[in-house]
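Structure record follows, encoded as structure tokens.
The values are calculated or read from the model by the stated rules, or taken from the named source; none is laboratory data. Values in this document were obtained by computation on a predicted structure and should not be read as measured data. Positions of Cβ are backbone-derived with ideal geometry, glycine not excepted, and every protein chain shown enters the neighbour counts.
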Amino acid sequence: MVDNLGDIGVCWRLAVNLATRGQRVRLWVDDACALHWMAPGALEGRIPGVQILQWSQSQQTDVLGKLPKTDVWVEAFGCEIAPEFIAACAYSMGAGGLKDLEHPVWINLEYLTAERFAERSHTLPSPVMSGPANGWTKYFFYPGFTPKTGGLLREADWAPRQNRFDRTDWLQRLGIPWQGERLVSLFCYEPPALGEFLRQLQDDTTPTRLLVTPGRASEAVKNLSQIGLQPSSIQRGQLSISYLPPLTQPDFDHLLWACDFNCVRGEDSLVRALWAAKPFVWQIYPQDDNAHHDKLEAFLDMLGANTTLRELHLAWNGVASTAGGMPRLQANLDAWQAIARAARERLLQMDDLASQLVAFVWKKR
């Protein structure tokens, strides 16, 4: 089972971020249903500066002929632009032949990684050798965690919003019966160590309320029948569980800001967890050839993870066994909090992804 919540989440955040800087953005998507709850009003065209089109329309001549010329093309997450779109754009830009055209700046926006090749490959050109765009150039653009990469998505108003956030008010509006207990968010796939993690929370001396996001995280918890956590049983020992409704992107930020510890997955929520500067564990998207193991280790090196935080991540992702026992929240939360805050301070020294994209395009044009 595969979903694209992270992919469309990143693309939507980037589109809105660019639009707030005065850019006009056309976002092609193959499945926009998640935007109904992730970004209310987006599909109805109520977000200034952003137009959403279905990917199938990129192959329709009648649609392509009505679209204004674009100055920048961004391919995200390995999605190649439809050949019909490339051909229509190439031949509509002028009558003097391709060599006389003012080509769009063509960017291949790569996946986020802390591996060293991101620095080496960032902004490298990739000549197009065939087709109607023969002779044009694509450029690799790598989001990342160092000044030699493209940075991370970050809104201009992010810090003031977090400073104004009132978690008591937000929890009340969601109807969560919070009595001051420790709050832990759960947004995950099916982490191998989930059962052990919840058993620890049940047996801890500190009461914990687990805020579970809908979809795979909720199903993963409800399937843990061996520890008695069935849909009809939302409290066991020191652990209470609240199942959340689908959250908008701003409310997902609120969830991370409200919690004392966050479990996140994929790319988009990882970046939001870093800006939240709360202790967290990241479930990386698993790959059949275990290539994600190296990616995880590189991220932990960048994060400055100590021994216990590294052990937690390796167990959570099934890279290491939990037979010896996972590090416990209660004993490590303060140290992990310090690591999260230090990482955010380092990352804030870099320009954000949207700013770097705009600067790169201006340079190329």
Picked from region 309-354 (must be surrounded by fewer than 17 Cβ atoms within 10 Å (Cβ to Cβ), of a type in the set (Gly, Ala, Ser) and part of a helix (DSSP H, G or I)), the residue modelled with the lowest pLDDT is Ala331
Got a number for residues in region 54-91 being acidic (Asp, Glu), touching a residue at least 24 places away in the same chain (Cβ under 8 Å) and within 29 Å of Gln356 (Cα to Cα)?
2
Here is a check on your reading of the model: is His293 modelled with pLDDT under 95 and part of a helix (DSSP H, G or I)?
yes
Check on Asp157, among the acidic types (Asp, Glu) and at pLDDT below 85
no
If a residue has to be farther than 23 Å from Val10 by Cβ and in contact with an Asp or Glu (Cβ under 6 Å, 6 or more places away or on another chain) to count, how many in region 270-311 make the cut?
0
Which residues, counting only those in region 235-252, are within 19 Å of Tyr189 (Cα to Cα) and outside any loop (DSSP other than H, G, I, E, B)?
Ile241, Ser242, Tyr243, Gln249, Phe252
Out of (1) surrounded by fewer than 21 Cβ atoms within 10 Å (Cβ to Cβ); (2) not in a helix (DSSP H, G or I), the odd one out for Phe299 is which?
(2)
